[in-house]
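Bear in mind these aren't lab numbers, they're just calculated from the coordinates by the rules spelled out. Bear in mind that the values here come from a model prediction, so they are computed numbers and not experimental data. Glycine also receives a Cβ, built like all others from the backbone with ideal geometry; neighbour counts cover every protein chain displayed.
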Amino acid sequence: MEDRYINFNEKRMYIFSELVKRYWNGNLNNVKDLNDLAYDIKNKYGFRNNEMSFIKDHIRIAMGLDPNRDDEFKDELDMVKKYKKINLPIVAKIDGPCEYCSHNPCQCMIFEKYEAPIYSRANEPIIVNDKCLNCGYCASKCDFGAISDKIEFIPLIDLLKSDETHVFAAVAPAIVGQFGDDINMGQLRTALKMIGFKDMIEVALFADILTIKEALEFDHLVKTEEDFFLTSCCCPVWFNMIKNNYPDIYKHLSPSVSPMIASGRILKKLYGNAKIVFIAPCIAKKAEAKEPELKEAIDYVLNFRELKEIFSALEINLKELQSDEKDQASFGGRVYGRTGGVSFSVKTVVNRLAPTRVIKLKAKKVDGVKGCRQILNDLYEGIKVDSNFIEGMGCSGGCVGGPRANIDVEKATKLINEFGEDSFILTPFDNLNVMKILNQLGISNIEEIMENEAIKKLLSR
């Protein structure tokens, strides 16, 4: 096996780090500068002259651009500066490394159980796109550089340095503890402000709003023992699995957008021309943000692994920073990041809204693609499921098990629970921050979430 390809997920982070340093410091201005970077990478890792297109494609992907198999850089920097947007597909395949892979049978076959049939043909992987769930596990598990997800930070740098544009960091609930045991959310807010973000917002706050909406939907739709309700709230893998493969079950799915999309839509409604960057352990969120009916809500998506590299490249030591604390979300909203969090949160609100309900909320929590498929198959085949509220998460453990998390699932789950318990707000129903936002959107009471056309548009697909 060729050493220069081994552990390529770490090598791609080095490529990204060098891009960040050079672009941030004004040392990446033309084709020559890009070529200098490519040759530095070639020499550092011992790549051959005939592999320069492979290196340059990974530089393009780290800039948020499509690979084009070209040995020469052309207008890549102009594209980043001019268009400032990332196009589909998010997961790109790169020619070359598969021919050096010694796994037999091809390791890529393991990814079929996660999303689509991916296998080796000649020198490149083949992805059956119409079956792909965009879970991103192929990119994280292929450590040979044949499959990789685009990184969306380089086009963002000019916006962060501009005084004319307000850029908000909307962080997923799973962020707790991802940057060190002794790093708190206030220090993360300080760090993000240092690199140009206007503020850091807990997406758990918007999870609180959607929890109330889904509790009202559940109360309205589940009237008999035979009724059931599927939540689409968090996970695009779960949503795409249902939409693409189970049309008869799709009608039971909540029409709610994810907290990510809700955060972008509402923040833009409140702050005009602001740009919103979502930060999560997820690759699928990069694709979700670009779906036709959802695009424009979120401008860029970064993951925890990328943000860790950004802090390192810009020499930001989180431990040394003062903490800028804000209590924005409830316990219920904060535990959305782990399996069962959505069910717990919605149930607390259903119990508050309708304490005398005859049909109580009975939750079923499933995680991992295999578990999600199993329960959907059972529902499709008419097998009795002893629950009426079904929560699915594509990653094992929930969002904390995402392919670009920095810490393991068990530790992350523990820290999320502790952070939730630290909130002074027990349930979404008790969150005064929710009512403040709803009032700014013209809503005076909770029930109007289901009646007000403007807020329904913000919170629904």
Handout entry: Unsatisfied cross-links (Cα-Cα over 20 Å) in the set K362/K384; K21/K56; K268/K295; K243/K370; K21/K150; K285/K414
Key = K285/K414
Handout entry: 3J(HN,Hα) from dihedral phi, the stretch 42-58, Karplus parametrisation 6.51/-1.76/1.60, rounded to Hz, x for glycine, proline
Key = 4, 6, 5, 10, x, 6, 8, 4, 6, 10, 5, 5, 5, 4, 5, 5, 5
Handout entry: Relative exposure of K326, K286, K150, K364, judged by other C-beta atoms within 10 Å (fewest first)
Key = K326, K364, K150, K286
Practice task
Give K82/K275; K11/K319; K161/K193 a once-over and call out the pairs whose C-alpha atoms are over 22 Å from each other.
Solution key: K11/K319
Problem - DSSP beta bridge pairing in the chain, given as percent antiparallel to the nearest 5 - result: 25
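Which longest uninterrupted range of the chain lacks any GluC sites (Glu not before Pro) assigned by DSSP to a loop state (not H, G, I, E or B) and surrounded by at most 14 other Cβ atoms within 10 Å?
Here the longest segment lacking exposed loop sites spans 73-163.
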Fill in the blank from the handout: Over all Cα pairs of the chain, the Kirkwood radius sets Rh, and Rg/Rh then becomes 0.97
Fill in the blank from the handout: Interchain or sequence-distant (5+) residues whose placed amide H lies within less than 5 Å of the amide H of G64 are I151
Handout entry: Helical contribution to [θ] at 222 nm, DSSP H n ≥ 4, -39,500 (n - 2.57), averaged over the chain, rounded to 500
Key = -12500 deg cm²/dmol
Exercise for the section: Round to a whole angstrom and tell me the spacing of the C-alpha centers of the stretch 41-57 and the stretch 218-290. Expected result: 41
Practice task
Per residue of the stretch 354-370, in order, report the coupling 6.51 cos²θ - 1.76 cosθ + 1.60 (Karplus, θ = phi - 60°) as ³J(HN,Hα) in whole Hz, putting x for Gly and Pro.
Solution key: 9, x, 9, 3, 6, 8, 7, 6, 10, 8, 10, 10, 10, 9, x, 4, 4
Exercise for the section: Could you work out the relative contact order of the stretch 214-340, using alpha carbon pairs under 8 angstrom and six or more residues apart, expressed as a whole percent? Expected result: 18
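Output the relative contact order of the stretch 48-101, whole-number percent, from Cα pairs under 8 angstrom with separation of 6+ residues. Can you show the working numbers first?
Numbers: 39 pairs, mean separation 20.0, N = 54.
In percent, rounded to a whole number, it is 37.
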Exercise for the section: Choose one of G64, P428, L415: the residue whose Cα lies farthest towards the positive end of the charge dipole of the chain (beta-carbon charges +1 Lys, Arg; -1 Asp, Glu; about the Cα centre). Expected result: P428
Completion exercise
So the angle from the long Cα axis of helix 409-422 to the longest Cα principal axis of the chain, reported in degrees to the nearest 10, equals 50
Completion exercise
Applied in sequence order to the stretch 62-74, the curve 6.51 cos²θ - 1.76 cosθ + 1.60 (Karplus, θ = phi - 60°) yields integer Hz couplings, x standing for Gly and Pro, of 5, 8, x, 9, 6, x, 10, 6, 9, 6, 10, 6, 10
Practice task
Could you size up the charge dipole of the chain around its Cα centre, putting +1 on the beta carbon of Lys and Arg and -1 on that of Asp and Glu, and report it in debye to the nearest 20?
Solution key: 320
